[in-house]
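The values are calculated or read from the model by the stated rules, or taken from the named source; none is laboratory data. Source: prediction; values computed, not measured. Neighbour counts are summed over all protein chains in view; Cβ atoms, including those assigned to glycine, are modelled from backbone coordinates with ideal geometry.
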Amino acid sequence: MRHIIIGDIHGCYEELMELLDVVAPTADEGIIAIGDIVDRGPDSEKVLEFFRDTANAMSIIGNHERKHLMSAKGKTRPALSQLIVKAQLSDRYDDWLAFMETFPRHIELDEAILVHGMFEPGVPLEQQRETVVIGTLTGERFMTENYPSPWYDQYAGPKPLIVGHHDYMRSGEPLVREGQVYGIDTGAAHGGRLTALLLPGFEFVSVPSRGDHWTRMRAEFATLAGSSKSDLDLDWAKLTEFAASSHMEALPTPQRERAQRCAMILKESDKLLGLIHDRIKELHISMLSELEQSDDWSALELKQRTSRFAQRAQAHPAAQHLIASYRGFLDRERISKRAKTPRGLARIAETLGIDSDTINGTCDGAS
Ligand SMILES: [Mn+2]
C-alpha cells in the first residue's frame with residue numbers, strides 16, 4: 001500500500017487531477033499534501049474541497065495556510081495572495097479557515113517525516129520550532145542565521161525527511177539528498193511542475209504546470225492590491241525621503257499615511273534584503289561544493305576556478321550576485337543598489353524562492 005506525498009499544490013487543481021490520474025491511487029492508499037495547497041494558483045477552493053471530501057486525503061499545514069489563519073486573527077497583514085483567495089472564497093472563507101486550522105504541523109510515517117518548511121538538523125521532531133517546520137519568515141531568518149550552509153545538506157536522519165515550501169532546483173526537478181531529504185515543491189503555481197513522491201519506494205511522478213498562474217492571477221486581481229502599489233516602484237532615496245516625514249504630526253492625513261507606508265516598505269525591504277543576502281551565500285556555497293567534487297578541481301588555478309564557477313552560476317537569474325558572493329564582494333548594499341526599488345528586490349527574492357509577499361503586503365489593502 002502506497003502513500004502519495006504531493007508537493008506545494010497552490011490552487012493548481014487541474015494539475016492535481018492530472019497527477020492523480022497518473023498515480024491512480026486506490027481508496028486505501030493515503031494521499032498527503034505537504035502544505036501550501038492554497039494561494040497563487042487559480043483554484044484554491046476546488047483543491048480545498050478535494051482534501052475535505054476525499055476520505056483518504058489530507059494536508060499538513062504550510063506557511064500559506066498559516067498566513068490565512070494569522071491574518072484572519074488580526075496577527076499579521078494579509079498579503080495579496082491571501083486577499084485574492086479571501087475574495088474567491090467569499091462568505092465561505094470562515095468555514096475554510098476552520099478546515100485549514102485542522103491541518104497538522106507534521107506527519108511521521110514509517111518511511112519518512114513530513115513537514116512543509118524546514119528542519120533543524122540534530123533536533124528531535126517534537127522539539128522543532130513551529131516557525132521552522134512551517135516555514136514562516138521568522139523561521140527562515142532563524143535558519144539562515146544559525147545554519148550558514150543549507151540545512152538540508154546537514155540533515156542526517158533518523159528518517160528521510162520530505163519537505164515542500166521552496167522550489168530549490170527551479171528546474172521542475174525535486175531536490176534529492178538520497179535517503180535524507182526530498183524537496184518536492186517544484187513550482188506548480190509558477191509554470192514548473194506538480195510532483196508526487198510515492199512511498200515506500202521513493203519514486204517521483206510529476207506533471208507539467210499549465211502555466212505561470214501566479215503572474216496571471218496577480219495581474220487579474222491587481223485592483224485588490226490597492227492604488228498605492230506604485231510606492232513599490234520608488235527608488236530608495238525617494239522612499240527614504242518620504243519615510244522621514246512619517247512622524248510629522250502637521251502633515252495632512254493622506255500624506256502622513258503615505259509616509260508611514262513608505263517607512264513600512266523600507267523596513268520590510270531591509271528584512272527581505274537580509275534573506276536574499278543569506279540565500280545567495282547559501283546557494284553559492286552549495287554550487288561550489290558541487291564543483292569541488294569534480295576530479296580536476298584541485299588542479300585548477302584560481303582564475304580557472306572563478307570562470308568555472310561563473311559558468312555554473314550563469315543560468316541562474318541572480319548569477320551576478322552569486323559570482324559576487326563567490327569572489328567575496330557580496331554585501332547588502334550591492335544587492336539593494338542593483339535592485340533599485342522594492343519591487344526590484346521582490347523580483348530577485350522570487351528568483352531565489354524567497355517569499356516576497358511581505359513587500360507586496362505593505363501595500364495590499366492600504367487604500
Ligand atoms: Mn509554497
**Report entry** In segment 155-180, the residues that are in a loop (DSSP other than H, G, I, E, B) and either within 16 Å of the ligand (Cβ to nearest atom) or touching a Lys or Arg at 6+ places or on another chain (Cβ under 7 Å) (or both)
**Finding:** 164, 165, 166, 167, 168, 169, 170, 172, 174
**Report entry** Residues of segment 114-143 that turn out to be surrounded by 20 or more Cβ atoms within 10 Å (Cβ to Cβ) and polar (S, T, N, Q), as a count
**Finding:** 2
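Here is a yes/no grid of residues against (1) away from the ligand (no atom under 16 Å from the Cβ); (2) at pLDDT below 95; (3) assigned by TED's automatic domain parsing to the domain that holds residue 64; (4) part of a loop (DSSP other than H, G, I, E, B):
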site: 132; (1), (2), (3), (4): no, no, yes, no
site: 140; (1), (2), (3), (4): no, yes, yes, no
site: 145; (1), (2), (3), (4): yes, yes, yes, no
site: 149; (1), (2), (3), (4): yes, yes, yes, yes
site: 153; (1), (2), (3), (4): yes, yes, yes, no
Report summary line: Filtering segment 64-81 down to residues that are polar (S, T, N, Q) and buried (at least 24 other Cβ atoms within 10 Å of the Cβ) yields 81
Query raised in the report: So is residue 111 away from the ligand (no atom under 14 Å from the Cβ), among the acidic types (Asp, Glu), buried (at least 18 other Cβ atoms within 10 Å of the Cβ) and farther than 17 Å from residue 185 by Cα or not?
Result: no
Query raised in the report: Before we move on, is residue 199 more than 30 Å from residue 3 (Cβ to Cβ) and crowded, with 16+ Cβ neighbours inside 10 Å?
Result: no
Query - Unique residue being within 16 Å of the ligand (Cβ to nearest atom) and touching a Pro at 6+ places or on another chain (Cβ under 8 Å) when the list is 183, 191, 187 - result: 183
Report summary line: Note on residue 221: of the conditions (1) away from the ligand (no atom under 16 Å from the Cβ); (2) out of contact with any helix residue (DSSP H, G or I) (no Cβ under 9 Å at 6 or more places or on another chain), unmet is (2)
Report summary line: Listed by first then second residue, the pairs whose first member lies in segment 184-206 and is more than 22 Å from residue 352 (Cα to Cα) and without any contact (Cβ under 8 Å) to a residue 60 or more places away in the chain, whose partner is within 16 Å of the ligand (Cβ to nearest atom) and polar (S, T, N, Q), with beta carbons under 7 Å and at least 6 positions apart or on separate chains, are 204/195
**Report entry** Count of residues meeting criterion [within 16 Å of the ligand (Cβ to nearest atom) and either closer than 13 Å to residue 40 by Cβ or not basic (Lys, Arg) (or both)] in segment 87-105
**Finding:** 2
Report task. Go through the residues of segment 117-126 one by one and say whether even a single one is assigned to a helix (DSSP H, G or I), at pLDDT 95 or above, away from the ligand (no atom under 16 Å from the Cβ) and among the aliphatic types (A, V, I, L, M). Result -> yes
Requested in this report: Name the single residue, out of those in segment 182-192 being buried (at least 24 other Cβ atoms within 10 Å of the Cβ) and outside any loop (DSSP other than H, G, I, E, B), that is farthest from the chain's Cα centre (by Cα).
Outcome: 182
Report task. Just name the residue that is modelled with the lowest pLDDT out of those in segment 230-245 that are crowded, with 16+ Cβ neighbours inside 10 Å and within 24 Å of the chain's Cα centre (by Cα). Result -> 231
Requested in this report: Report, by residue number, each residue of segment 210-229 that is more than 17 Å from the chain's Cα centre (by Cα) and either crowded, with 24+ Cβ neighbours inside 10 Å or among the hydroxyl-bearing types (Ser, Thr, Tyr) (or both).
Outcome: 223, 227, 228
Query raised in the report: Which residues, taken from segment 1-18, are of a type outside the set (Val, Ile, Thr), farther than 15 Å from residue 56 by Cβ and in contact (Cβ under 8 Å) with a residue 60 or more places away in the chain?
Result: 7, 8, 10, 11, 12, 14, 15, 18
Requested in this report: Test residue 51 against the stated conditions and say whether it is of a type in the set (Phe, Trp, Tyr) and within 20 Å of the chain's Cα centre (by Cα).
Outcome: no
Requested in this report: May I ask you to say which residue of 8, 43, 21 is surrounded by fewer than 23 Cβ atoms within 10 Å (Cβ to Cβ), in contact with a strand residue (DSSP E or B) (Cβ under 9 Å, 6 or more places away or on another chain) and within 25 Å of residue 208 (Cβ to Cβ)?
Outcome: 21
